[in-house]
Amino acid sequence: VQLQASGGGQVPVGGSLRLSCLASGGYFDSAVVGWYRQTPGREREMVAVIASAIIQYSDSVRGRFKISTDRTGNTLYLEMNDLKPEDTGVYYCNRYPPSLALTWGQGTLVTVSS
């Protein structure tokens, strides 16, 4: 499986970014999928997940981030608004829940500067 996350960058506090994740081989088909982020010294945490019409967000991003997929379901998006310094980290996409069997891509780095 290949998971290609992109769209990260450096933005000021209050800025916005839109992340994209392309999954190969129908990896997202019929699966609960989501975005995760990892910051130095902390474990990877779930940010948002989506399965058909069911969407969940972590408390820290609810109301600021929006997860979506394209019509085919092979591309996952994360629209991030009102970014804060604590949103800084490497963002990954994958199935949910994050079992040990999952393979992770490179992720995309988001840096929010104050």
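If R0 is 41 Å, the Cβ-Cβ spacing of Asn74 and Ser114 corresponds to a FRET efficiency of close to 0.70.
Sorted largest first, the principal axis extents computed over the alpha-carbon atoms of the chain equal 39, 28, 22 Å. For Ser114, neighbours were defined as the other residues whose beta-carbon sits under 14 Å from its Cβ, and their charges (Lys and Arg +1, Asp and Glu -1) total -2.
Taking θ as phi - 60° and the Karplus parameters 6.51, -1.76 and 1.60, the scalar couplings of the stretch 27-33 work out to 4, 8, 4, 6, 10, 7, 10 Hz in sequence order, x denoting glycine and proline. Accessible area per residue for the chain is 55 Å², calculated with a 1.4 Å probe on protein heavy atoms, without ligands, DNA or RNA. Note on Ser99 and Ile54: the model spin-label points, each 7 Å out from Cα along the C-beta direction, lie 1.7 nm apart. Rank Pro12, Pro97, Pro40 by mean-square fluctuation in a GNM of the chain with C-alpha springs under 10 angstrom and give only the top-ranked residue. Comparing Pro12, Pro97, Pro40 in the GNM, the peak value goes to Pro40. Short-range pairs are left out: with C-alpha atoms under 8 Å and at least six residues apart, the relative contact order of the chain is 37 percent. The heavy atoms of Arg37 present about 10 square angstrom of accessible area, all protein chains included, probe 1.4 Å. Between Lys84 and Glu45, the simple label model (points 7 Å from Cα in the Cβ direction) yields a spacing of 1.0 nm.
The apolar share of the surface of the chain, taken as the fraction of accessible area on carbon and sulfur atoms (1.4 Å probe, ligands and nucleic acids excluded), comes to 48 percent.
Measuring nothing but how far apart in sequence close Cα pairs (under 8 Å, 6+ apart) lie, relative to its length, the stretch 46-96 scores a relative contact order of 25 percent.
The amide H of Phe28, built 1.01 Å from its N in the peptide plane, has no neighbour under 5 Å, considering only residues 5 or more places off or on other chains.
The values are calculated or read from the model by the stated rules, or taken from the named source; none is laboratory data. Fair warning: this is a prediction, and the values are worked out from it, not measured in the lab. Counting neighbours? That spans all protein chains shown, and the Cβs are built from the backbone with ideal geometry, glycine included. Accessible surface is based on the protein model in full, side chains and every heavy atom, while ligands, DNA and RNA are left aside. Shrake-Rupley method; radii C 1.70, N 1.55, O 1.52, S 1.80 Å.
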